[in-house]
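Novice: Before we start, here is the structure in question, set down as C-alpha cells.
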Amino acid sequence: MKCYIDIILGILLLIYIALINLMSSAKVAFSIPIVILGIMLIVYHFIKNKLSDYRYYENIKNVLIKIITIGCILFTFIECSIIAYPKHSTERSEYIIVLGGALSNGKSPSIILQGRLDAAIKCANEYNKNAYVVVSGGQGDDEKVSEAEAMQKYLIEHGIPNEKIILEDKSRNTNENFKYSKEKIEEHSNKTIDKVKVKIVTTDFHALRSRIIAKRQGYTQVDNYSSATKWYHIPINYAREGFAMVKTILFDR
C-alpha cells in the first residue's frame, strides 16, 4: 500500500479541486498549483522506478526529504499562527473595512464575499452601530462592476443605510485595499489613520495577514471580525494563506 501513496494522493488532490470548483460560485484561487502537484505525484508514481537507476538518485532523494521536512515544520508553525490569531473582536470601532473578494457571474458577491458582508452586517448591527462601513475592492478583468459596488448593493439590501457606506473601488489586492481605504477614512474623518479605530472584516484564514498589512500601512488601532470559511474551502484556503504569509513577511513592504 505504501508504494501507492503518491498516486492515491495525486488523484485525491485532483478530485478535491474539481469538486470545490463545482461547489463554488466563483473560481477558487490556488487551484492550478494544486492541480500541478497532483499531476506531478501521479507522474512520479510511474517513473520512480526508472529514476532509481540513476547514480545520484538516493542522495538527491534524501536531500529533498530533509528540505521538505523542514518546510513542513515551518509551514505547520505558520498555519498554527493563522489558526490561533484572534478573529472576533467586539470592541467598538469607528470604521469597518470589508475586504473585497471575487464576484459570482461578474456582478454578485461570491460565497466567500457574502460571508464577509454578513459578518460586517452582524458586527455593525450588534457591536458598532455608529461605525461607517468601507467596502474595498476594484473591478477585475472578468467582472462587470467593481467589488465595492456589488458589496454596497448587498449591504443596502440587508439593511445598512447607504449614508453609512463608503466606497473604495480602486484596489486590486490587499495592500491596495488598505492604502486606498486609508485615504477614504482620513478624508472622511479629518484624522490621520493612526488616530482612528478600525475593524477589518475578512475571512478567518486571512485575518492575521490582513492585520500585518494594515499595520504596515499605518493603521495602529486595528482589530478583526472575521467570517468563517466554508468547510470544503478550508484545506485549499489555509494552504494558500500559508504561502501568502511567507510572501508578505519576506517580500511585501
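The values are calculated or read from the model by the stated rules, or taken from the named source; none is laboratory data. Quick caveat, the model's predicted, so the values are computed rather than measured. All Cβ positions, glycine included, derive from the backbone under ideal geometry; neighbour counts span all protein chains shown. When the accessible area is computed, the model is the full protein with side chains, heavy atoms only, and any ligands, DNA or RNA have been set aside. Shrake-Rupley method; radii C 1.70, N 1.55, O 1.52, S 1.80 Å.
Novice: Could you go through region 92-109 in sequence order and give the Karplus-derived ³J(HN,Hα) for each residue, using 6.51 cos²θ - 1.76 cosθ + 1.60 with θ = phi - 60°, rounded to whole Hz, and x for Gly and Pro?
Specialist: Result, ordered by residue: 5, 10, 8, 9, 10, 9, 9, 6, x, x, 4, 9, 8, 6, x, 9, 10, x Hz.
Novice: Quick one: accessible area per residue over the chain, 1.4 Å probe, rounded to a whole number of Å²? Walk me through the numbers before you get to the answer.
Specialist: Details: 14280 Å² over 253 residues.
Result: 56 Å² per residue.
Novice: Here is a follow-up. Hey, how many Å between the Cα centroid of region 212-249 and the Cα centroid of region 164-179?
Specialist: 16
Novice: Moving on. Which angle from 0 to 90°, rounded to the nearest 10, does the C-alpha axis of helix 57-84 make with the longest principal axis of the chain?
Specialist: Once rounded, the angle reads 20 degrees.
Novice: Related question: Given an 8 Å cut-off on Cα distances and at least 6 residues of separation, report the relative contact order of region 1-88 as a percent.
Specialist: On the way: 38 pairs, mean separation 26.1, N = 88.
Contact order relative to length: 30 percent.
Novice: Return a whole-number percent for the relative contact order of the chain, with Cα pairs under 8 Å and 6 or more residues apart as the contact set.
Specialist: 20
Novice: Need one number: nm distance between label points at residue 68 and residue 8, each 7 Å from Cα along Cα→Cβ, rounded to one decimal.
Specialist: About 1.6 nm, to one decimal.
Novice: Answer rounded, prolate or oblate for region 101-253, using the Cα gyration tensor with square roots of eigenvalues a ≥ b ≥ c: rounded when a/c is under 1.5, else prolate when a/b is larger than b/c, else oblate. List each step's numbers first, then the result.
Specialist: Details: a/c = 1.38, a/b = 1.06, b/c = 1.31.
Because its axes are fairly even, with a/c under 1.5, region 101-253 counts as rounded.
Novice: Using modelled backbone amide H atoms (1.01 Å from N, in-plane), which distant-in-sequence or interchain residues come within less than 5 Å of residue 171's amide H?
Specialist: Distant-sequence amide H within range of residue 171: 137, 138.
Novice: Additional query: If amide hydrogens are placed 1.01 Å from N in the peptide plane, which non-local residues have theirs closer than 5 Å to the one on residue 166?
Specialist: For residue 166, the qualifying residues are 133, 134, 135.
Novice: Please work out how much accessible surface residue 144 shows to a 1.4 Å probe, ignoring ligands, DNA and RNA, in Å² rounded to 10.
Specialist: Result for residue 144: roughly 140 Å² accessible.
Novice: OK, next. On a 0 to 90 degree scale, rounded to 10, what angle separates helix 147-157 from the longest Cα axis of the chain?
Specialist: Approximately 60 degrees, to the nearest 10.
Novice: Within region 18-119, how many lysine pairs that are 8 or more places apart, or on different chains, have C-alpha atoms less than 23 Å apart? Walk me through the numbers on the way to the answer.
Specialist: Values: 27/107; 48/61; 48/66; 50/61; 50/66.
Pairs that pass both the separation and distance tests number 5.
Novice: Let me ask something else. May I ask what percent, to the nearest 5, of DSSP beta bridges between residues of the chain are antiparallel?
Specialist: Values: 3 of 21 bridges.
Antiparallel bridges make up about 15 percent of those DSSP assigns within the chain.
Novice: Determine the relative contact order of region 103-253: mean sequence separation of Cα pairs under 8 Å and six or more apart, normalised by residue count, in whole percent.
Specialist: Details: 202 pairs, mean separation 32.3, N = 151.
Normalised by residue count, the contact order of region 103-253 is 21 percent.
Novice: Can you give the net charge of the other residues whose Cβ lies under 15 Å from the Cβ of residue 130, counting K and R as +1 and D and E as -1? Could you put the intermediate results ahead of the total?
Specialist: Working: positive: 92, 129, 164, 197, 199; negative: 91, 94, 126, 163.
So the surrounding residues net to +1.
Novice: For residue 40, what is the net charge nearby, where nearby means another residue's Cβ is under 13 Å from its Cβ and Lys, Arg count +1, Asp, Glu -1?
Specialist: On the way: positive: 48; negative: 6.
With Lys, Arg at +1 and Asp, Glu at -1, the net is 0.
Novice: Straight-line reach from residue 179: which lysines have a Cα under 17 Å away, not including same-chain ones fewer than 8 places off?
Specialist: Cross-link targets: 170, 191, 195, 197, 199, 215.
Novice: If the reach is capped at under 16 angstrom between alpha carbons, list the aspartates and glutamates near residue 129, excluding any in the same chain fewer than eight residues apart.
Specialist: Hits, sequence-local ones excluded: 91, 94, 118, 163.
Novice: Could you check how much of the accessible area of the chain is carbon and sulfur, as a whole percent, using a 1.4 Å probe?
Specialist: Numbers: 8760 of 14280 Å².
Here it works out to 61 percent.
Novice: Using only the Cα atoms of region 15-99, what are the Rg and Dmax in Å?
Specialist: Rg and Dmax of region 15-99, Cα atoms, are 20.4, 66 Å.
Novice: Let me check I've understood the local charge: for residue 189, count other residues with C-beta under 11 angstrom from its C-beta, Lys and Arg +1, Asp and Glu -1. What total comes out?
Specialist: On the way: positive: 182, 184, 191, 195, 197; negative: 94, 186, 187.
Result for the neighbourhood of residue 189: +2.
Novice: May I ask you to order 173-180, 131-138 by the average number of other C-beta atoms within 10 Å around their residues, highest value first? List each step's numbers first, then the result.
Specialist: Details: 173-180: 20.6, 131-138: 24.6.
Most protected by this proxy first, the peptides run 131-138, 173-180.
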